[in-house]
Amino acid sequence: MRLLIVEDERKVADMIVRGLRAESFAVDVAFDGNSGWEMAAVVNYDLIILDLMLPGMNGTELIRRLRQKGGKAAILVLTARDATQDKVDNFEAGADDYLTKPFAFAELLVRVKALLRRPPANVDHVLRVADLEIDRLAQQVRRAGKRIDLTSKEYALLEYMVSHAGRVLTRTMIIEHVWDESFEGLTNIVDVYVRHLREKVDEPFGAKLIRTVRGAGYCLSTEPEGAA
Ligand code: CA
């Protein structure tokens, strides 16, 4: 597997490159948009990890050009927090997934492996757990076919839980991903939002997906309570 990283923040680029090489991937790196495009235009990469704000050509333009040219590489976009319009624009331009900065390398690796397993023709922006569906492009949630309206924080929390379905998420993990690293409020903000989600996503539908894992946190799962 051959991967290209296009990222002008050297520290971030180095962290990704070192980590992926340790996982036995062949990794090239470009520190600006123009050299990234030159490399992407001539090498058949399996996956491109792309920052959006780049000197020279920006990430969105690079995606557009690559897709116009018929480039099939999976594209993982690195975005700033809460840049919803960016996500929509870039999915439309042809990105396959996105990861919000800052992120842990382990999380990037999970995304990379998932993208590399995914057949290019079968790119899907819809996450599903049981009868719950999240369209990450439209940021719409449905359960049993019924549209559920969520606030942006509720949506972010649910998307985080659904994309990590089956895993126990601690309140700290949730705060770091859904709120801000500098968030200094009480961790019971998570409990408050989980309660809102339960009222909208679970209670009207009978079968519960959001589990409390005593002493640990929360888990979105189809397993019976206690099994998580
Ligand atoms: Ca940048």
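The values are calculated or read from the model by the stated rules, or taken from the named source; none is laboratory data. All of these numbers come straight from a predicted model, not from anything done at the bench. For neighbour counting, all protein chains shown are included, and Cβ atoms are generated from backbone atoms with ideal geometry for every residue, glycine included. The accessibility values were calculated without ligands, DNA or RNA, using every heavy atom of the protein model including side chains. Shrake-Rupley method; radii C 1.70, N 1.55, O 1.52, S 1.80 Å.
Annotation for Ala165 and Lys113: the two label points, set 7 Å from Cα along the Cα-Cβ direction, are 1.9 nm apart.
Relative to the longest principal axis of the Cα atoms of the chain, helix 10-22 runs at roughly 90 degrees. So how far apart, in nm, are the two label points at Asn34 and Asn188 if each is 7 Å from Cα heading toward Cβ? The two pseudo-label positions are separated by 5.7 nm.
Please identify, among Thr151, Thr79, Thr100, the residue showing maximal mean-square fluctuation in a Gaussian network model of the chain using a 10 angstrom Cα cutoff. In this elastic network of the chain, the residue with the biggest mean-square fluctuation among Thr151, Thr79, Thr100 is Thr151.
Solvent-accessible area assigned to carbon and sulfur over the chain amounts to 49 percent, based on a 1.4 Å probe. Panel note: the C-alpha atoms of the stretch 2-116, placed on their principal axes, show extents of 33, 32, 26 Å (largest first).
With respect to the chain, whose longest principal axis is taken over its alpha-carbon atoms, helix 152-163 is tilted by about 80°.
Angle of helix 84-93 to the longest C-alpha principal axis of the chain, folded into 0 to 90 degrees and rounded to 10: 50°.
Shown is the FRET efficiency for Arg147 and Glu223, computed with R0 = 22 Å from the Cβ-Cβ distance and rounded to the nearest 0.05: 0.25. Here the scattering of the chain is modelled by Debye summation over its C-alpha atoms, one equal scatterer each and no solvent; at q = 0.08, 0.12, 0.14 Å⁻¹ the log10 of I(q)/I(0) is -0.32, -0.70, -0.92.
With protein chains left intact and a 1.4 Å probe, residues in the stretch 2-116 average 45 Å² of accessible area per residue. Per residue, the stretch 126-220 exposes 52 Å² of accessible surface when a 1.4 Å probe is rolled over the protein heavy atoms with every protein chain present.
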